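The block underneath contains the structure these notes are about, expressed in structure tokens.
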Amino acid sequence: MRILISIVLIAIVCTLAAAAAGVMWANKPQVEPQETTTLPYNVDVFEVETTNFTELLQAFGTARAEREVVIAAQVSGEIVFVDSELKIGRAVYGPQNVSDSQPPTSPGDLLIRIDPRDYQERVDQATAVIASARTEISQLNQQKQNLTRQKALALQDLKTIQEDVERIREARSRGASSPSEMTRASLELRRYEDVTIQLENQLTLIPHQLEAAQQRISTSQSDLQRAEHDLQRTTVLPPFDGVVSEVMIEQGQFVRAGEPLLRLVDQSRVEIPVSLGLEDFLQIEHLVQSGNYPKAWLAENESAAPRWTGYVMRVSPVADAASRTIEVFVEVDNTQQPTPLLPGAFVFARIEGPERSQQLVIPRDCILDGSVFTIDSENAAHRVPVTTGRRMQSLITIRKGLAAGDRVLLTNLDAVRDGATVAPQRTTDLQQEIELHGNSVIRPLTAETPAP
């Protein structure tokens, strides 16, 4: 009985629920269809324009002195003098020349002296040998004159004796002379002949003696010249104006020829070898070879303002196979700088490349898969393929596909489709993009272009 009652109640509840649902369905509100609208994409736009610019090539390197020498001892000996101010950082002065054709007016600062006594003695010895040989030559010349006069007199006496002998011989043939007279005359003739021969022999030897003395003079003059050079080398003078960067000796120390004494640096000119990739190197090689040396701006780091200026004066003839770069050399004249560039300083260089005219330059962010989106007058986007050129950090040149005055999308490139409507929010130009991204490799050419 209870089961039957439960079934009846369930049936009644289901009937009432079905009736209520029918009433609600019959009284539901009418749905009115609405028209769908497509919202435009908010985008930033870049306005394309032709521009003239200079590309700046970036590199870095360590400055080094154009002239730096280690001054070594040229003779051996004890150091008897060292300038009391000879310390690191001391400025020294070399020979002061009025002109290249005239001797220096000042030999330069005396830095070090090596004991000169042994070398002075060698000079004195060579000088004495030369003086002795010259005295000997003078004596030989005088002796030659005397022998020449004696020979002339001896020849006259010999001629007289010969005439006497002939006269005695004729007299004897007539029986007017004794044999003893003939014998005495013959002996006298022989004596004068011997004297003449002796004088001739002495005269013959004199040229050889003169030549030997002259050879001694030549040899001694060479010895004297070497001794004087060695004596001169006992005083150590700077070869050029510079600054002492290292001192390697002390007074009283014994040094040998070739032993280093000090290091001298010429700070007036420094050079910075920097490495460029092949593409960058080809931008300036012809300028250097033609004598149009590219200017370079140097700073402590990439973000610092330029502090020094120089020029690329030469390039390496070979590339580095390991790094695939080529070295170029920036020279800086420190006499023209507000603050000298010290050798050993690490610097960042911006090198002036060739000037480029009538170029189309856009941000690299505008390019998607080799194409850009241009905007027409009705703000509709159109996909345009482009041919790109040289990349310059955040910018890139366009060779084909765009023209001056075109507007291209900067943002929402992944969402915009060809033909979509866009709503430009901000329009930028090249100068604004350069400033926004801090692009340091492109320098637009204007009437007054500041240094980078």
Discussion item. Going residue by residue through segment 104-115, is there one that turns out to be closer than 30 Å to R216 by Cβ, assigned to a strand (DSSP E or B) and within 35 Å of the chain's Cα centre (by Cα)?
Written reply: yes
Practice prompt. Kindly list the number of the only condition in (1) closer than 30 Å to R263 by Cβ; (2) modelled with pLDDT under 90 that fails for L237.
Written response: (2)
Item to complete: Could you give me the residue pairs with C-beta distances under 7 Å whose first residue belongs to segment 39-53 and is among the acidic types (D, E), whose second residue is part of a loop (DSSP other than H, G, I, E, B) wherever it lies, and which are 6+ apart or on separate chains?
Response: D44/L410; D44/T411; E47/D429; E49/A404; E49/D429
Worksheet item: So how many residues does segment 322-368 have that are touching a residue at least 60 places away in the same chain (Cβ under 8 Å), assigned to a strand (DSSP E or B), within 30 Å of A403 (Cα to Cα) and hydrophobic (A, V, I, L, M, F, W, C)?
Response: 4
Practice prompt. Kindly indicate which of Q251, Q267, Q214 is within 13 Å of I130 (Cβ to Cβ) and out of contact with any Asp or Glu (no Cβ under 7 Å at 6 or more places or on another chain).
Written response: Q214
Item to complete: Return the residue satisfying two criteria in turn: it lies in segment 278-294 and is in a loop (DSSP other than H, G, I, E, B) and within 17 Å of the chain's Cα centre (by Cα), and of such residues it is surrounded by the fewest Cβ atoms within 10 Å (Cβ to Cβ).
Response: G291
Discussion item. Looking only at segment 210-238, filter to residues that are loosely packed, with under 15 Cβ neighbours inside 10 Å and of a type outside the set (S, T, N, Q); which one of those is farthest from L140 (Cα to Cα)?
Written reply: H229
Worksheet item: Counting only residues that are surrounded by fewer than 15 Cβ atoms within 10 Å (Cβ to Cβ) and not small (G, A, S), which one in segment 61-87 is nearest to R122 (Cα to Cα)?
Response: E78
Worksheet item: What are the residues in segment 85-123 that are among the charged types (D, E, K, R) and modelled with pLDDT of 90 or more, if any?
Response: E85, K87, R90, D109, R113, D115, R117, D118, E121, R122
Worksheet item: Looking at segment 273-304, which of the residues that are of a type in the set (D, E, K, R) and under 17 Å from E331 (Cβ atoms) is modelled with the lowest pLDDT?
Response: E285
Response to the item:
Scanning segment 334-372 residue by residue, those of a type in the set (V, I, T), over 21 Å from the mean Cα position of the chain (by Cα) and closer than 24 Å to I284 by Cα turn out to be V361, I362
Discussion item. Here is a check on your reading of the model: is F348 aromatic (F, W, Y) and out of contact with any Phe, Trp or Tyr (no Cβ under 8 Å at 6 or more places or on another chain)?
Written reply: no
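The values are calculated or read from the model by the stated rules, or taken from the named source; none is laboratory data. The model shown is predicted, which means the values in this text are computed figures rather than measured ones. So basically every Cβ, Gly included, is an ideal-geometry build from the backbone, and we count neighbours across all protein chains shown.
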